[in-house]
Amino acid sequence: MTDANTYAVLFEPVRIGPVTARNRFYQVPHCNGMGHVRPRAEAANRGMKAEGGWAVVSTQETEIHPTSDLSPFAENRLWDERDIPALRLMTEAVHAHGALAAIELAHNGNHAQNLFSRAPVFAPSDMSLDYAIPKQARAMDKADIRAFRRWHRDAALRARDAGFDVIYVYAGHRMTLAQHFLLPHMNQRGDEYGGSLENRVRLTRELLEDTREAVGDTCAVAFRFAVDEMLGADGMQAAEEGRAVVELLAELPDLWDVNVCDWPNDSVTTRFQPQDGYQNDYIAFVKAVTSKPVVGVGRLTSPDQMVSMIRKGIVDLIGAARPSIADPFLPRKIEEGRIDEIRECIGCNICVSADTQGVPIRCTQNPTMGEEWRRGWHPEKIAPKGREEAALVIGAGPAGLECAMQLARRGYEVTLAEARAEAGGRVLRESALPGLAAWKRVADYRLNDLAQRANVRLFTESRLDADAVLELGIPNVFVATGATWRRDGIGRTGQRRPPVIDPAARVLTPDDIMDGRTPPDGPVAIYDDDQAYLAGVLAERLAEAGHHVAFVTPASVVSPWTDLTLEQARVQARLIKLGVEIRCTRQMLALGPDRMRTACIYSGREEDIPCASAVLVTERHRDTALYDALRDRGGFRTLELIGDAASPGLIADAVYSGHLAARNFERDPGEIDRDWFRREMVALEP
Ligand code: ADP
Ligand code: SF4
C-alpha cells in the first residue's frame, strides 16, 4: 500500500468548458470491436471503466453519415436519430458511475471504404483510398463541404440528445476528413480550403465553431489532433505546422486531446517503443500555447510518471486507451494506494488485433475485457467458491497462473505445481526475446497476487507425474502443461507435402533457442510457417548474435499476422536493417546438413538455400501426456485441460482459458454448454 496522498494531484477535478471531470483520468476514444453492432456490450464495457474510476469515458470513432461507413469494422454509428437509443445505453452506463461520457464524431474521408452504404468516398482532392481497393475518393466541392458541416452539426445535436457531455471534432490518425484537409500532401485544393495553412485549417475551424454553436452551452467541445505525423519532413511536424495549428485554434475547443499519428505510431507496441510516455516530447508544447486543458497518451501505467507529467505541465489529464483496457480499475487502485495491484498493459496490441478483425476486444492482461455484458464478467469480482474445497493446477504458464489466481480469489485452497525453477511458462521464455521484456508483466502481476494469498501453495521444480498427482489426493485438477514446438517442419503449408528432414540436418526449435541453445557456426535458415510474431523475433535474436540469417516463409511478407498488431512494416524493416536475407513465398521441401531445399509456392521452381542449421517455426504439439494418464487412471471430480495444452494460441488465449476454467468450476456443465454467452440478436422489425 502506498500513501494515497502521493497521488492526490491525480484526483483533482478538471473543468472542461461547461462540464467538470471528477479527476484527471481520461479514457480517450478507443476502438473495442463492439460499437453499433453490439451496443449492449459497448455500454457495459464503457460503464466498467466509469466504475473503475475514470472521470471521462469516450466512445470509439463514431460515423456521422453513410459517406463515412467503416464497415466491416464495428465502430459506433450516428447516421440519424435511430442510432440514439444504442448510444444512450452507453451514456447511461457511464453516468451511473459518475463519469462524463465523450463521443468521438468522425467523418473518415478516404479512410472509409463505404462498402456497406455504397456511398461515394470524399477527400479534399481526388485520390486513392486508404485501402488497396479499386475505388477512388473524389474531391469535395463546396456543396459537399456545406453538407458535411451540416451532417457534423446534426450529429453533435444527436450526440447531446443521447446524453454525451463531451463532443469531439476529430483530426487524427490520418483517418478523418478534418485532418486530411490540414495535410498538404492530401489537400491540393486551389480554393479557400487549400493552399496556405490558414486555408487548410478553415474546415476544422468551422467544425469547431459549428459544434460549439450547436451544443456548446451544455457540452464540452473536444478537439483530437495529431500534432506530428512521424514522417519527418514528408509530413506535418510538431515543431512546425503542428504547432501552428494549435496556435491558430488555441482557445476554440474546450479541450485539446493531442497525440501523434498514424495509428501504428500512436499505439506503438513495446516491441518497437519500450518507453512509456513516449509521446511527451511531441505534445509538451501544447499547454504553453493554449489555456484550455490538455490530455495526452503514451501507454501511461505508472502513477509516478503521471504525477510528474502533471507537475511538469505536459498535460492536465492522463489519457489512456490500452492502460484502461488492461486495467479498467487503474484510477481506483491508485486512489486507494493499491499500486502493486495494477494490471499493467504490456503493449502487445492484441486488443488492436480484435478491432482490426471486427470482433469484441480481448486483452492479454485482462481476460474480462469484452466479456462484461455477454458473460457478465467483472475484472475485480468473481463468485465465491461452492462446495468444493481444494484444487490443483499443474503448470505455471499464463493459463495455470491465471486459473490458480482466480481459484484462489474464489476461496479454494490452491496448489500450483511447476516443473521449472521459475514460474511463468512461455511468458517467461518469450519475454527474454528481443523487444518482448514487458510481456513478463503477465507473469509478474499474477505471481505478485498469488504471493499475497494464504490459500495458495506454489511449488517450483515440481514436475508431477500421474502417481505424484494421485498422491496429493486433490480431487479437482486443472492441467496447464502447455505445448512444445514441433521439430519435423510440418505446419500449415507442410501438411499437404511434409518436408523431408535428413537425420544429419541440424534442427532447432523455438523452444531450443529460448532454452539458450545456440546454432552452430555458419548460416542459419529460419523457416516460418507459423507466420505470426515468433519467427521474426527469433530472426532478430540470431542476427543480433552475429549469425547470417535467411528468413524463409511461404507467406508473401515477413510475419504477416503482425499486421493486426500494427507491427508488420516495422518487423520487416527491422529484419532488413539487420541484414536478414528475406525469402518469401517459399515452402520448405527438404532439409539437409548444409542446405534447405525450397519451392516457390506459386511456380514450384525449386531453389536451395545454404544453411548450417535451421530453426523450424511451424506448429506446436500439445503436451497432454500427463492429462491422458490422469484421465486413464480416473477418479477425479474435475479433470480439465486448459491453455496451450488444450488449444495452442496466443498468450491472451491461454490467460483467457485459465480464467474461464476458474469461473466455470462448480458450474453445471449442461448449463455451460447450453449458454456460452449472451448475444445481441438483430430485432426483426416489420
Ligand atoms: P500455457 O500457455 O498453456 O500456460 P506454458 O507452456 O506457458 O502453457 O506453460 C506450461 C507450464 O507447465 C510450463 O512452465 C511447464 O514447465 C509446466 N509443466 C509442464 N508439464 C508439467 C508437469 N508435469 N508438472 C508441472 N509442470 C509442468
Ligand atoms: Fe495492453 Fe496488450 Fe491488453 Fe492491449 S492487449 S491493453 S496492448 S496488454
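The values are calculated or read from the model by the stated rules, or taken from the named source; none is laboratory data. Keep in mind the model is a prediction, meaning the values are calculated, not measured. Glycine also receives a Cβ, built like all others from the backbone with ideal geometry; neighbour counts cover every protein chain displayed. Surface accessibility is based on the protein's heavy atoms, side chains included, excluding ligands, DNA and RNA. Shrake-Rupley method; radii C 1.70, N 1.55, O 1.52, S 1.80 Å.
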**Complete:** How many residues of the range 282-310 are within 23 Å of Asp262 (Cβ to Cβ) and without any contact (Cβ under 8 Å) to a residue 40 or more places away in the chain? The answer is 5
**Residue list for the range 575-626, restricted to those being touching a Lys or Arg at 6+ places or on another chain (Cβ under 9 Å) and of a type in the set (D, E, K, R)** = Glu606, Glu607, Asp608, Glu619, Arg620
**Prompt:** Can we say Arg24 is in the same structural domain as Leu300 (by the TED database), within 26 Å of Asp217 (Cα to Cα) and either open to solvent by 30 Å² or more (accessible area, probe 1.4 Å) or not acidic (Asp, Glu) (or both)?
**Reply:** yes
**Message:** Just the residues that are away from ligand 2 (no atom under 16 Å from the Cβ) and in contact (Cβ under 8 Å) with a residue 60 or more places away in the chain, please, taken from the range 647-660.
**Reply:** Pro648, Leu660
**Message:** Condition (residue is touching a residue at least 60 places away in the same chain (Cβ under 8 Å), open to solvent by 40 Å² or more (accessible area, probe 1.4 Å) and under 30 Å from Gly337 (Cα atoms)) applied to the range 64-80: is it met by at least one residue?
**Reply:** no
**Message:** Here is a check on your reading of the model: is Ser353 in contact with a Leu (Cβ under 6 Å, 6 or more places away or on another chain), within 11 Å of ligand 2 (Cβ to nearest atom) and on the phi < 0 side of the Ramachandran plot?
**Reply:** yes
**Prompt:** Just a yes or no: is a residue in the range 459-474 of a type outside the set (Ser, Thr, Tyr), closer than 19 Å to His659 by Cβ and modelled with pLDDT of 95 or more?
**Reply:** no
**Asked** Does Ala573 satisfy being surrounded by 16 or more Cβ atoms within 10 Å (Cβ to Cβ) and modelled with pLDDT of 95 or more?
**Response** no
**Message:** Contact list please: Cβ distance under 8 Å, first residue in the range 128-142 and assigned by the TED database to the domain that holds Phe73 and surrounded by 14 or more Cβ atoms within 10 Å (Cβ to Cβ), second residue of a type in the set (Ser, Thr, Tyr) and outside any strand (DSSP E or B), pairs at least six apart or on different chains.
**Reply:** Ala139/Ser125
**Request:** Within the range 27-58, count every residue that is more than 22 Å from Leu255 (Cβ to Cβ), crowded, with 24+ Cβ neighbours inside 10 Å and of a type in the set (D, E, K, R).
**Result:** 1
**Message:** Which numbered condition in (1) modelled with pLDDT of 95 or more; (2) surrounded by fewer than 22 Cβ atoms within 10 Å (Cβ to Cβ); (3) more than 14 Å from ligand 2 (Cβ to nearest atom) is the only one that Phe272 fails?
**Reply:** (3)
**Prompt:** Out of all the residues in the range 439-461, which are hydroxyl-bearing (Ser, Thr, Tyr) and open to solvent by 30 Å² or more (accessible area, probe 1.4 Å)?
**Reply:** Thr460
**Fill in**
Of (1) open to solvent by 50 Å² or more (accessible area, probe 1.4 Å); (2) modelled with pLDDT under 95, Gly634 fails just (1)
**Asked** When you go through Gly47, Gly53, Gly33 one by one, which is the residue that is assigned to a loop (DSSP other than H, G, I, E, B) and under 16 Å from Asp327 (Cβ atoms)?
**Response** Gly53
**Request:** Check Arg597, Arg583 and return the single one that is assigned by the TED database to the domain that holds Pro510, under 15 Å from Gly489 (Cβ atoms) and open to solvent by 30 Å² or more (accessible area, probe 1.4 Å).
**Result:** Arg597
**Residues of the range 610-631 satisfying the condition of being open to solvent by 80 Å² or more (accessible area, probe 1.4 Å) and in a strand (DSSP E or B)** = Pro610, His621, Arg622
**Asked** So which of Ala214, Ala222, Ala147 ends up being under 17 Å from Ser68 (Cα atoms) and not in a loop (DSSP other than H, G, I, E, B)?
**Response** Ala147
**Asked** So, in the range 322-349, of the ones that are surrounded by fewer than 23 Cβ atoms within 10 Å (Cβ to Cβ) and assigned to a helix (DSSP H, G or I), which residue ends up farthest from ligand 1 (Cβ to nearest atom)?
**Response** Glu335
**Prompt:** With respect to Ala399, is the statement that it is surrounded by fewer than 23 Cβ atoms within 10 Å (Cβ to Cβ) and modelled with pLDDT of 95 or more true?
**Reply:** no
**Asked** Say we look at the range 350-382 and pick out the residues that are open to solvent by 40 Å² or more (accessible area, probe 1.4 Å) and of a type in the set (D, E, K, R); which of these is nearest to ligand 1 (Cβ to nearest atom)?
**Response** Arg362
**Prompt:** When you look at Val558, is it of a type in the set (Val, Ile, Thr) and part of a loop (DSSP other than H, G, I, E, B), yes or no?
**Reply:** yes
**Message:** I'm trying to understand the selection: among the residues of the range 612-666, which are of a type in the set (Val, Ile, Thr) and closer than 30 Å to Phe551 by Cβ?
**Reply:** Val615, Val617, Thr618, Ile651, Val655
**Prompt:** Of everything in the range 185-238 that's buried (at least 21 other Cβ atoms within 10 Å of the Cβ) and of a type in the set (Gly, Ala, Ser), which residue is farthest from Leu105 (Cα to Cα)?
**Reply:** Ala238
**Message:** Looking only at helices (runs of 4 or more DSSP H) that lie completely in the range 391-507, which have at least 3 residues being charged (D, E, K, R) and within 12 Å of ligand 1 (Cβ to nearest atom)?
**Reply:** 425-430
**In the range 522-546, the residues that are open to solvent by 10 Å² or more (accessible area, probe 1.4 Å) and closer than 16 Å to Arg595 by Cβ** = Gly522, Pro523
**Asked** Filtering the range 637-659 down to residues that are open to solvent by 30 Å² or more (accessible area, probe 1.4 Å), more than 30 Å from Ala504 (Cβ to Cβ) and assigned to a loop (DSSP other than H, G, I, E, B), which residue is farthest from ligand 1 (Cβ to nearest atom)?
**Response** Arg637
